[in-house]
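The values are calculated or read from the model by the stated rules, or taken from the named source; none is laboratory data. Values in this document were obtained by computation on a predicted structure and should not be read as measured data. Please note: Cβ atoms are built from the backbone with ideal geometry, for glycine as well, and neighbour counts cover all protein chains shown. Only protein heavy atoms, including side chains, enter the accessible area calculation; ligands, DNA and RNA are left aside. Shrake-Rupley method; radii C 1.70, N 1.55, O 1.52, S 1.80 Å.
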Amino acid sequence: MARKTQISYVRSIVVVFVGVVLWHAITIRSPPKSSDTDVANIGDKFKNHINSNSFQEAKITRQGVLKRDRDTFFWSLFSDAFGSNPNTPYMYVTLPLFGFLLPSPMWNLKQNDAVVLISRLPPELDYFSFTTFALWIPKTRFPFGSLGDSLNNFNIKHTDDGLFALVVTANRHTYGLIEKSLVDSGIPSNAINAMAVPSSEKYGLFEGSTHFEIVMRLLRFKNQNEGDLFLKSNHPFYYITAKHKHDSALESTGYKSRVHPEEINEKLFEDQFAKHNEETLAKVLKALDNEHNNLNPMHFAPLHIKGLDCIQENTECLGDCPDAAYFGLNIQEASDSIKTLLLPTKNEFHLVTMVNHRQSNAAIYGSIAILKSSSEFISKTHMSKHIRATSIGITSFDFPEKERFVSWVFTRNPDHCKTLKERGIHGCSIITERQASLKSYITYCERIYLNPLTGTGPDHSTILSAKLFHIKLDSKQESFPNISFSQIRLPPSQDVVTFDGNERIRLLHIIKTGGESLQNYVDNEKSPRLDFSACRSAAMSSNNLKVEPATSKVCNALATFTSSALCGLNCECCADDIMGGSFHGTLLRSPRAHVVSLFSHCHSAHHGSWSRALGDVSLYAAEGILRMTEQACGSCCDEEGDPDWQSALERRLVTPEVPPLDSEEENKGQVTVISLHNTQSHALTCSKSRGSFGQHFKRIDGSIDEYTPSIDEALNSLNNFEWFGITDLFMPSLCLLHYQTNKTIPRQCDCNSPFRVEHDKPGALGYWKENRYKRKQVSELDPRVLALIDQRTTVDSILYSSALRLFLGRLRRVEEMAGVSLLKCVNWGKLYYVTEYIPNLWTGPDGLLKP
């Protein structure tokens, strides 16, 4: 019955989510106004001028905005697809799909029509560009080819205060009309940039419903706060329908020559580069105590890509940037096939050596990125079938500024990074299972952007491209510390409350502590059983709405709805709200592992994929509502949209969730969404009756939710739970639950039983493998990030330490009462490995290790 009720709740959530989408699509037709007052005013003048009765030859029929890809509902799923560069934020102009649906970055353009962007230069940064693409053509499908040179920070026309317009059209007469209207609206002709769409029949751009796209690339704002404001500035974009019958073509300029008589020829450094590679390889092999002879490098070869060539030849360009020179592995001019690589174990890695193109002044910057594929061989001319981007990439800005040559390691093993960084390797990147699985084929792309002398992509013939060494090491077995049961100093026995098998347990599911695994296990057992009634009742409670809101009504409404839904569906409530009855339970988790799991859950909601969304539709719906709530409350786990979970986590940890404020009154009403600050203690101390939204939110007000919960209140709350388990000892926790529920011990629990199964192994009680996304590991994090987590979880650490001792004391009491062995077969070395950072847990007067 509980499972059927839960399915009903899930369906309700999905229906609500779909309703929200349709309501947004159908009723919110007007795009947001630009936050740049000058741009907004000029846009209004332009719109009024074009649509005035005196202007008869063209009319604005659709309007959209310039928007960051990750901030666009639905289309954000494609932000990491194809060959996108993980180092470069992308924006694109959007128009309502089919004229009325959600904003879309792809739009059809008729031959006499035009689109116009009115904008201002972004704040100071190293590079930006606008590139116009033919994204989809009926006969070619997805050529994704550029239509000519990009508009970039070297060639863009603009006013002294940075205002400009970009006009894309194939029709000369239409361009003249728009130019006149723009000038009358406040944009002078010397700040109007034209992108002529080729009308030639050899491209066939107007033979069917070709869909176009304008992409903006940006790199390295000098002031990130100003950059963030620009990314959300919503500069206006207009579709203009021509009413005239003039068919004169606007001449297309195509691509400029990349050759310049004064450009830097990096091939002059070839001998020095070869010596650097030889010395670097020897240093790496010595550091890892390995001997390899005749390790020949793989060479990055030129990949000549021009969008108009792809369009003419019915091939694919995968979003070529005319400002870049591309190089890749296993590229042969006479062959269409590109062989990819495998990195199938943690005992091998790729060493990439490269020229610092920014230091040589051959380009404003270079980058190396990893792409993944489902196939061993990919087509040079039809890459979209097999190639996908990853979030793994580095740029010249990651390199030592004065170094001409750079070495970088890409590996699945964090130990490689630690060892090699200590020996002088410039950098190291971890390839996680989620980014590219052990079975994934991968390849590398070197992109080199913008020759400062020409304002175009660098000349391939003058570039000294990267090299790659595939290094395989001797296999080594990872092991936990060898700690035997005889070394453990157990806490004293603790009283255990038991029941007759008929009492259902009221579960407090603290998010990301294993509650879903617990529910899945209990659903298949006759005893114990869960009591969802308290969670349903708490979900329907609206005591928090009686508190006068200091935040926006939208934030309050969405936070209330989200928290109530998750409380009712999954018992993710506040401890105080499920009290009553006689049997209560919860789970607690090692704070570091909890923070990593909590953040990766939220981060995945911002960087989803089609397979993940289709694999769990209800989860995708819930994550969509979560993102809406974050936006409404001004609290986001991944404000920058960084696909790399490790760097995104570090940024979240160093950025205050609650900015320092001068007075208690200024804090009133502030809401944090999915806080990483002592979250488990918060779940034990929050309460709807005091105005809390729930455990997923903190209302920062001394009389509602304390930002740093009281450890005394958290421990007092924990003492109200007749049973609690430790996620890191999940199977022993279930053994304890069985005994407390009905005084039985499953045979897999007894250390002396031949049916004993080790925790985390198939056949163990509660064994469940997460397949929706790859679990992130604490061991992948840098020590400084771990220190930041520890600073955020001081209360949770004390709570966990106290709970673990109490839990072990209860298991000791069950051993005495039932005459079974439960503790001697605990993997004490593994438990030590994941919790040794907690102060005084293992050492000191009360430490778990004997002196």
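Using a probe radius of 1.4 Å on heavy atoms only, what accessible surface per residue do you get for region 105-158? Whole Å² is fine.
On the way: 1720 Å² over 54 residues.
Heavy-atom accessible area per residue stands at 32 Å².
Treating only the Cβ of Lys, Arg, Asp and Glu as charged (+1, +1, -1, -1), what charge dipole size does the chain show about its Cα centre? Round to the nearest 20 debye.
Values: 90 positive and 94 negative charges, 400 e Å.
Roughly 1920 debye for the chain.
In this simple spin-label model, placing a label point 7 Å from the Cα along the Cα-to-Cβ direction at both THR61 and LEU121 gives a separation of 3.6 nm. Packing here is the average count of other Cβ atoms within 10 Å per residue, and on that basis the peptides 129-137, 633-641, 494-502, highest first, run 129-137, 633-641, 494-502.
Please tell me which of these pairs span more than 31 angstrom C-alpha to C-alpha: LYS267/LYS776; LYS698/LYS776; LYS275/LYS421; LYS67/LYS553; LYS67/LYS688?
Those over the limit are LYS267/LYS776; LYS67/LYS688.
Partnerless cysteines in the chain, where a partner means another cysteine C-beta under 4.7 angstrom, comprise CYS321, CYS445, CYS636.
Here the alpha carbons of region 374-514 define both size measures, Rg and Dmax, at 25.7, 83 Å.
Using 0.36 nm per residue, how much length does the chain from GLN791 to LYS139 gain when fully extended, once their Cα-Cα distance is taken away?
Details: separation 652, 0.36 × 652 = 234.72 nm, distance 5.75 nm.
Extending this stretch completely gives an extra 229.0 nm.
Roll a 1.4 angstrom probe over the protein heavy atoms and tell me the percent of accessible area of the chain that is carbon or sulfur.
Roughly 50 percent, rounded to a whole number.
Among LYS283/LYS306; LYS385/LYS467; LYS418/LYS467, which pairs are too far apart, with a Cα-Cα distance over 28 Å?
Numbers: LYS283/LYS306 40 Å; LYS385/LYS467 26 Å; LYS418/LYS467 22 Å.
Too far apart for the 28 Å limit: LYS283/LYS306.
Each residue, SER54 and GLU333, gets one label point 7 Å from its Cα in the Cβ direction; the gap between the two is 6.0 nm. A Förster radius of 45 Å combined with the Cβ-Cβ distance from LYS232 to MET540 puts the calculated FRET efficiency at roughly 0.80. Simple spin-label estimate for LYS267 and MET817 gives 8.2 nm between the two label positions (7 Å along the Cα-to-Cβ direction from each Cα). Once the 1.4 Å probe is applied to the protein heavy atoms, region 291-334 comes out at 51 Å² accessible per residue.
A convex hull fitted around the alpha carbon atoms of region 309-399 yields 133 Å³ per residue. Using C-alpha pairs below 8 Å separated by at least 6 residues, the relative contact order for region 162-319 is 26 percent. Counted residue by residue at 0.36 nm each, then reduced by the alpha carbon distance between them, the extension gain from SER375 to GLU516 reaches 47.3 nm.
Overall shape of the chain was characterised from the C-alpha gyration tensor. The equivalent ellipsoid obtained from it has semi-axes of 53, 35, 23 Å, in decreasing order. Treating cross-link reach as a plain straight distance, find the aspartates and glutamates whose alpha-carbon is under 15 Å from the alpha-carbon of LYS824, omitting any fewer than eight places away in the same chain. Within the straight-line cut-off, LYS824 pairs with ASP750, GLU758, GLU815, GLU816. Rounded to two decimals, the Cα-based Rg/Rh of region 779-823, with Kirkwood Rh, is 1.26. For region 175-263, please report how many Lys pairs fall under 26 Å Cα to Cα, leaving out neighbours fewer than 8 apart on the same chain. Summing the qualifying lysine pairs gives 5.
Of the Cα atoms belonging to region 167-281, the radius of gyration and Dmax stand at 22.1, 68 Å.
Compared with the alpha-carbon gap, the fully stretched path from ASP289 to SER35 is longer by 85.6 nm at 0.36 nm per residue.
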